[in-house]
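The values are calculated or read from the model by the stated rules, or taken from the named source; none is laboratory data. Predicted, not measured: the structure shown is a model, and the values here were computed from it. Positions of Cβ are generated from backbone atoms using ideal geometry, with glycine treated the same way; all protein chains shown enter the neighbour counts. SASA here: full protein model, heavy atoms, side chains in, ligands and nucleic acids out. Shrake-Rupley method; radii C 1.70, N 1.55, O 1.52, S 1.80 Å.
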Amino acid sequence: QVQLVESGGGLVQPGGSLRLSCAASGSIFSINVMRWYRQAPGKQRELVAAVTRGGATGYGHSVKGRSTISRDNAKNTVYLQLNSLKSEDTAVYYCYVDAQSVLAGPIMAYWGQGPQVTVSS
């Protein structure tokens, strides 16, 4: 079993920045792709950014150019830096990882608890 603990959410003024962290712990042999999703009230959950174990990254169109995803494989932690925040970035942000607990074991998906990010003056 893998547990995800997120931190870094909160209230930010428009134009500001914040950094989210998601640390995985538990029975971990390997973590493949690490992703951040977000869900705003009344909207579907959308992919924000993803990073592979090798460091390749991809971003959703809504945050491209304003965000950076990174990971520390030694710490099993993924980060999301969000800049130039807008009111439409207000959402619950969820960490999502694909992980194996044992060699050649199944790849399981895990979700974090989702810190709230509110962009408001």
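Remarks
- The chain - percent of accessible surface contributed by carbon and sulfur, probe 1.4 Å: 51 percent
- Taking the inverse of the mean 1/r over every pair of distinct Cα atoms in the stretch 1-90 gives a Kirkwood hydrodynamic radius of 13.8 Å.
- Summing +1 for each Lys or Arg and -1 for each Asp or Glu among the other residues whose beta-carbon sits under 13 angstrom from that of Asn32 gives +2.
- Charged side chains reduced to their Cβ positions (Lys and Arg at +1, Asp and Glu at -1) give the chain a dipole of some 160 debye around its Cα centre.
- Neighbourhood charge, 12 Å Cβ-Cβ cut-off, centred on Glu88 and excluding it, Lys, Arg +1 and Asp, Glu -1: +2
- Average Cα contact separation per residue, the stretch 1-89, under 8 Å, 6 or more apart, as relative contact order %: 31 percent
- For the stretch 43-121, chymotrypsin sites (Phe, Trp or Tyr not before Pro) are listed when DSSP marks them as loop and at most 16 other Cβ atoms sit within 10 Å of their Cβ; the list is empty.
- Options Tyr94, Tyr59, Val5, ranked by Cα towards positive dipole end of the chain, top entry (Cβ charges): Tyr59
- In sequence order, calculated HN-Hα J values of the stretch 65-81 (Karplus, 6.51, -1.76, 1.60; Hz; x Gly/Pro): x, 10, 9, 9, 9, 8, 8, 10, 5, 5, 9, 6, 10, 10, 10, 9, 9
- Extension reserve of the Ser87-Ile107 stretch, reckoned as 0.36 nm per residue once the Cα distance is removed: 3.6 nm
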